Amino acid sequence: MVSHRDVIAKNRDAWNASADHHRRSAAWGQLIDAVAHKDFSCLDSTLTEQLEQVGVTGKAVIQLGCNNGREALSLFALGALEVVGVDQSSEFLKQAHELAEISPYSPDFIEADIHELPASLNDRFDVALITIGVLNWMPNLALFFSHVARTLKPGGTLVIYETHPFLEMLDPEASDPWRISTSYFLTEPLVETGAIVYEGKAEPNGLQSYWHLHPLSDVLMSITGAGLSLRAFDEYPHSNREEVYDVYEQGAAQIPMCYTLVAEKR
Ligand SMILES: C[S@@+](CC[C@H](N)C(=O)[O-])C[C@H]1O[C@@H](n2cnc3c(N)ncnc32)[C@H](O)[C@@H]1O
């Protein structure tokens, strides 16, 4: 079995090796143009409404797992005063710095493993944000959330907008995408090979990355175990993942595809 430390290092290498693929995408070209505008936001209506309810105007916000910084930059359009993005991929943070150069705003970006955040981030933020496609890369949710919680001031708020773990049981590209093919309770991570891409097929690159299936109960218990109190939790039948998952929006029965969660530091 691979140790947590190795999993984190291998995931970092796999994300770094995928950065160039993302830079060559049409989405990157569109971002370069879009981030120059003061009101740039790539956040969808669900997350925008959630952040408006929590209130980020005039606040210090940290995004954990910020990737190329596009969502961190979007927080300024909602009125955030200070934004810090954290990610362990130096290659994606280079892209984040490039976008920030074009943007009228000045976020900070910090390269760190979220299981081991620097103490300089402790007790500094009003809002901590985690979005789509972050939690499954984390081998140790309890440790992860203990570090996330430390970044918040007392009374500060954690906002999560993630993909629903129910989806991990299904394969949208299978001949029957509705057939349950993976156990909800799988404890071993799924080992992916090749570049990490949002659309299309991964290019083989000899690297492995580790995707962990965390049941909702583990997510909730890790959050409360980190000293955060649950304030709101909602599940939605729309997809916030790769396009292939849209097939589940069109079924006769609706399934939970994503969720928002709000928790407060006591
Ligand atoms: C799917 S991306 C997040 C994308 C973001 N929601 C967006 O739309 O731009 C997941 C990010 O988590 C980062 N990541 C994975 N494991 C990490 C860790 N242990 N510490 C810090 N960042 C990590 C990866 O480098 C990657 O940039």
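Suppose the filter is more than 13 Å from the ligand (Cβ to nearest atom) and open to solvent by less than 60 Å² (accessible area, probe 1.4 Å); does residue 60 pass it? When the stated conditions are applied, residue 60 passes them. Remark: pairs (first residue in region 50-75, closer than 14 Å to residue 106 by Cα and at pLDDT below 95; second residue open to solvent by 10 Å² or more (accessible area, probe 1.4 Å) and within 10 Å of the ligand (Cβ to nearest atom); Cβ separation under 6 Å; 6+ apart in sequence or on different chains) are absent. Just one of the listed residues (33, 39) is more than 15 Å from the ligand (Cβ to nearest atom) and in a helix (DSSP H, G or I), and it is 33. For region 147-161, does any single residue satisfy the condition of being assigned to a strand (DSSP E or B), in contact with a Leu (Cβ under 8 Å, 6 or more places away or on another chain), modelled with pLDDT under 95 and under 27 Å from residue 69 (Cα atoms)? Within region 147-161, not a single residue is assigned to a strand (DSSP E or B), in contact with a Leu (Cβ under 8 Å, 6 or more places away or on another chain), modelled with pLDDT under 95 and under 27 Å from residue 69 (Cα atoms).
Do you know which of the residues in region 77-93 that are open to solvent by 20 Å² or more (accessible area, probe 1.4 Å) and not in a strand (DSSP E or B) is nearest to residue 51 (Cα to Cα)? Among those that are open to solvent by 20 Å² or more (accessible area, probe 1.4 Å) and not in a strand (DSSP E or B), it is 78. So for region 174-183 (the condition being touching a strand residue (DSSP E or B) at 6+ places or on another chain (Cβ under 6 Å) and surrounded by 12 or more Cβ atoms within 10 Å (Cβ to Cβ)), does at least one residue qualify? Among the residues of region 174-183, not one is touching a strand residue (DSSP E or B) at 6+ places or on another chain (Cβ under 6 Å) and surrounded by 12 or more Cβ atoms within 10 Å (Cβ to Cβ), which makes the answer no. Just one of the numbered conditions (1) within 14 Å of the ligand (Cβ to nearest atom); (2) farther than 30 Å from residue 194 by Cβ is not true of residue 49: (1). Select, from 115, 97, the only residue that is more than 22 Å from residue 162 (Cα to Cα) and either assigned to a helix (DSSP H, G or I) or within 16 Å of the ligand (Cβ to nearest atom) (or both). Answer to the selection: 97. Taken together, the residues in region 81-130 that are touching a Pro at 6+ places or on another chain (Cβ under 9 Å), within 19 Å of residue 159 (Cα to Cα) and among the hydrophobic types (A, V, I, L, M, F, W, C) amount to 2. Within region 9-22, not a single residue is open to solvent by 20 Å² or more (accessible area, probe 1.4 Å) and outside any helix (DSSP H, G or I). Strands (runs of 3 or more DSSP E) fully within region 190-244 that include at least 2 residues being more than 17 Å from the chain's Cα centre (by Cα) and of a type in the set (Val, Ile, Thr): 190-193. Of the residues making up region 42-74, those that are in contact with a His (Cβ under 9 Å, 6 or more places away or on another chain) and either aromatic (Phe, Trp, Tyr) or assigned to a loop (DSSP other than H, G, I, E, B) (or both) are 44, 67, 68, 69. Residue-level check: of (1) of a type in the set (A, V, I, L, M, F, W, C); (2) within 24 Å of residue 156 (Cβ to Cβ); (3) open to solvent by 20 Å² or more (accessible area, probe 1.4 Å); (4) within 14 Å of the ligand (Cβ to nearest atom), residue 28 misses just (2). Sub-7 Å Cβ pairs linking a first residue in region 102-114 that is among the polar types (S, T, N, Q) to a second residue that is open to solvent by less than 30 Å² (accessible area, probe 1.4 Å) and within 13 Å of the ligand (Cβ to nearest atom), at least 6 apart or interchain, are 103/35; 103/73, ordered by first then second residue.
Of all residues in region 199-242, those satisfying the criterion of being at pLDDT 95 or above and among the small types (Gly, Ala, Ser) are 209, 217, 222, 225, 226, 227, 229, 232, 239.
Residue 188 meets all of the listed conditions (1) surrounded by 14 or more Cβ atoms within 10 Å (Cβ to Cβ); (2) over 19 Å from residue 128 (Cβ atoms); (3) out of contact with any helix residue (DSSP H, G or I) (no Cβ under 8 Å at 6 or more places or on another chain); (4) modelled with pLDDT of 95 or more but one, namely (1).
Criterion first (open to solvent by less than 10 Å² (accessible area, probe 1.4 Å) and over 16 Å from the mean Cα position of the chain (by Cα)) does residue 144 satisfy it? So residue 144 does not fit the description; no.
The values are calculated or read from the model by the stated rules, or taken from the named source; none is laboratory data. Values in this document were obtained by computation on a predicted structure and should not be read as measured data. With ideal geometry, Cβ positions are generated from the backbone for all residues, glycine too; neighbour counts draw on all protein chains shown. Areas reflect the complete protein model, heavy atoms only, side chains present, ligands, DNA and RNA absent. Shrake-Rupley method; radii C 1.70, N 1.55, O 1.52, S 1.80 Å.
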